[in-house]
Structure formats: C-alpha cells, structure tokens
Amino acid sequence: MAFIALIDALLLLLAVGLAMDVRYAADSAAYAEYSAHLFWRAALFAFVIVMSQFALGLYQAQSRETRLGVLVRQAVGFAIGTVLLTILYYAVPQAYIGRGVLGLALVFAFLGLALWRVLVSTLMAVELLKRRILVFGAGEMATIVARLDSRTFSVVGFVEVPGEAVKVPRGRVVTIAPALHEWALARQIDEIVVVPDDRRGTLPMKELLECRQRGIEVTDLVRFLERESGKVRLGAPPSWLVFSDGFRVTPLRVASKRIFDIFAAALILMLAWPWMLLTALAIRIESGPGQPILYFQDRVGERGRIFRLVKFRSMRTDAEGDGVARWASRDDARVTRVGRVIRKLRLDELPQLWNVLNGTMSFIGPRPERPEFVAELAREIPYYTLRHCVKPGLTGWAQLRYPYGSSAEDAAEKLTFDLFYVKNHNLRFDALIFLQTVEVVLFGRGAR
C-alpha cells in the first residue's frame, strides 16, 4: 500500500504541473512568475491530499470496499484536502498555487487517481502486485493461511512435511527439488511462512537460512497473521507473547504519548467546542431543566485502576434503574432522540477530552470498559487484562477495524486488535489511528 500511496503522490505532483501548463498556456511571463518554487508548493498539495486519502482508509491493505465505495471515499478525501489546503494557504500565502491552478489540479488529480485505482484493482485481481508466498507445512496450521482472503499476497503452494497429515487440497501441495532456495528463487518467492503442526525435527534449518541469505523472508505463522490482519491471535501460546517483539514502554515513549495526547485533545477542543455547546443545548431542550447533561460512569483504566469517565448523556436517566449493567444494543430503546444523533456523530464522546487532559485516558488506546463487564470478560477471554497495560483511549485500533460490540464474542474479537495496538504502539501508529478516525466519524462505523 506504500507503493500505491507513492504513485498517488507522483500523480498529484503531475496534476499540479499539468494545471500550470493549461492555466498559463498563453502567458509565458505569468507562467515564469508563478512557477517559482513550484515543486515545493506541489509537494505540499500532494502531501495534504494523500493524508486526506489515508484518513479515509484508502491505503488499508485489508479493505474490501467496492469500486463505487472507493470513489466516494476519494471524493470525500479530496473535499477534506481542499478545506485543509485553503486553511494552509491563508496561513502561509507563499504556498498558494493560485485559484485557477488549484481548481484544475484538483480535477486532474481526481481523475488520475480514480483511473489509477481502477488499474490497481485490476492488477490485484490478476495477482501481479501481490507478494508470492510459499507455505512450509500442509497440515492443520497451514489451513489457517489457506483460508485467508488477502489483497496483498498469493500462496504459490504448500510444502508437505514428513509425518504430517495433509489438510490442504492436494492440488496445492508442491514438491521441492533440487534445493529449497533454488526452487524459491526460480519461482520468485518473496516469503516462506513456516507452519508445521509440530516443529520438532521437521524444519530444514540450513535450507531456510540459505533462503534468508538470498533475500527471501522467513516468517512463522503467528507473526505472519499479525502482520497481515493487524491483530494478535488469541490462540497463540503465552511463550510467544513473552518472547516476541513489542510491549516496549520507555520513558521517551511515555513522554511522547503524553505530548501527543495534550496536542490532539487541545486541537479537537478548539475545533469542536461549538458542537459541544449545541449538544448540551439539545440535551437540555429535550430533557428539560433539572435533568443532567453529562453522564459519569466508572471505567477500568491503566493497570486496572478505576476512573470516572464523562460523556454527554445519550440515554434516559432511568436507563439502568434496577442497577444491572447492560451492553448497549442496536436500536436500544433507552437511547433518547438526541442521543441517537450524537451517538451517530460521536459527539457524545467529546467530554472525554477532559479525561485525556487530566491523564486518566489517552487519546489513542483500547476503549475503557465497565468494571462489571471487565470482571466477566477476564474470566472468559484469555489475555483480556493485557489491554490494561496502557491507558484507555478516546479512539483506538479496534474501533477502526471492528464495529461496535455488545457481546463476549465481540469483545474477544476486538481484543485481538487491542493487543496488536498494545504490542506495537508508537507515535507513528498513534498518528495513523488519529487520521483514520476521520473515516469512522464520517461513515458512522461502530456507533450505537
């Protein structure tokens, strides 16, 4: 997907150059005047549009969007990019490329990127851009890879391991001769995924090492699944979690995350305060004087500590009059009319910016759950308490990758994404999640 983003950026640069040629085709003096430092101004244009496209999820490897859906997201991304560019041009007039050039560049770029995405989807369909994978193993574990539906890799074949029952279709099993590295190089294999049901005495370590020395990546199943799916497999043995990379918490990381939290919360507050006032007013008008506008609830935070989370009230005041904690459900009768709107638009979450500023929450992290649910889920789901290794977040990786959950099964699936974040979080990952949260808000995914 980085390759696709790079081509997008080049097309955007070309669109600005073409727009300049068209706009000033009959005025060489004006062209010479306005083309000064054109590359850097075009680069800013390309950067903003690419980031806007990224925020709409257009560079996700696991996306299953239709071509029409991709076109809609691209249009929204261009609209967001145009607004951001307008703001930047007011703030930094030297970066302005001119109204006529900007308009033409946006048209040329939109058409160019749309055609490029059609070409990409066609190439993906015929597997020209996919990584070529050889699976070393053909047993039960290999069937996990066989069932994967991926736009990023193509399985060339499965290698039968002596003493292992073949569980994949026989037609997909390949014979390796004369040597593994020669066979792999001849078929342009990019990666070998090692997945025997029993590793003891079954792996040709010298041949696998030779493959690595020849530039062929060698990966085990757990790491392969984590990379391709963006989640951690709950069936992984505890020893893998103990000895795998990740889970690093350094003083520098703690400081950078706190700075990011304060910056992100302050930025959202500056942009969202009018909507917060309108939300509070709408709740007051619907519920009447004397009814609470804000809703406070105990949630489980970092290291299992309990804190008070604050939200705009979206349910009736007697939603849990009997004192029994309940999951929110689709078309929940307890949600008020205003509540349905603010939940859909995520406005009910905005008061949690106070939790971010006071340090009980982070801007990015696993969503905090109620103590009653945590106690139940920790008994049913392995590794559930690992999600409390970091501060809970206003948004997170699981919110981007999985819809709203209202059951233990949903919680288990969301945990696989939460653990991926806990294991791999860094400043860059936080920034990517922050940008892609725009997609969740605009397309209403996961709201109830």
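The values are calculated or read from the model by the stated rules, or taken from the named source; none is laboratory data. These figures come from a predicted structure and were not determined experimentally. All Cβ positions, glycine included, derive from the backbone under ideal geometry; neighbour counts span all protein chains shown. Areas reflect the complete protein model, heavy atoms only, side chains present, ligands, DNA and RNA absent. Shrake-Rupley method; radii C 1.70, N 1.55, O 1.52, S 1.80 Å.
Worth a mention:
- Scope segment 220-268; condition more than 20 Å from Ile144 (Cα to Cα), modelled with pLDDT of 85 or more and open to solvent by less than 60 Å² (accessible area, probe 1.4 Å); matching residues: Arg253, Ala255, Ser256, Lys257, Phe260, Asp261, Ala264, Ala265, Ala266, Leu267, Ile268
- Residue list for segment 298-334, restricted to those being in contact (Cβ under 8 Å) with a residue 60 or more places away in the chain, over 27 Å from the mean Cα position of the chain (by Cα) and over 26 Å from Asn358 (Cβ atoms): Asp332
- Of the set (1) within 30 Å of Met51 (Cβ to Cβ); (2) at pLDDT 85 or above; (3) among the β-branched types (Val, Ile, Thr), all apply to Thr437 but (2).
- Candidates Arg343, Arg308, filtered to the one that is surrounded by fewer than 23 Cβ atoms within 10 Å (Cβ to Cβ) and either of a type outside the set (A, V, I, L, M) or farther than 19 Å from Ala398 by Cβ (or both): Arg308
- Count - residues of segment 158-204 that are part of a strand (DSSP E or B) and open to solvent by less than 30 Å² (accessible area, probe 1.4 Å): 6
- Screening segment 374-395 for residues that are touching a helix residue (DSSP H, G or I) at 6+ places or on another chain (Cβ under 7 Å) and among the charged types (D, E, K, R) and picking the one that is surrounded by the fewest Cβ atoms within 10 Å (Cβ to Cβ) gives Glu380.
- Residue list for segment 85-100, restricted to those being under 24 Å from Val22 (Cβ atoms) and either at pLDDT 90 or above or surrounded by 14 or more Cβ atoms within 10 Å (Cβ to Cβ) (or both): Leu85, Thr86, Leu88, Tyr89, Ala95, Tyr96, Ile97, Gly98, Gly100
- Taken together, Gly139, Gly103, Gly112 contain a single residue that is out of contact with any helix residue (DSSP H, G or I) (no Cβ under 9 Å at 6 or more places or on another chain), modelled with pLDDT of 90 or more and either farther than 30 Å from Leu185 by Cβ or among the small types (Gly, Ala, Ser) (or both), which is Gly139.
- Yes/no for Asp8 being surrounded by 16 or more Cβ atoms within 10 Å (Cβ to Cβ) and either within 16 Å of Leu111 (Cα to Cα) or free of Cβ contacts under 8 Å to residues at least 60 places away in the same chain (or both): yes
- Checking each residue in segment 186-219 for being charged (D, E, K, R) and at pLDDT below 90 picks out Asp197, Asp198, Arg199, Arg200.
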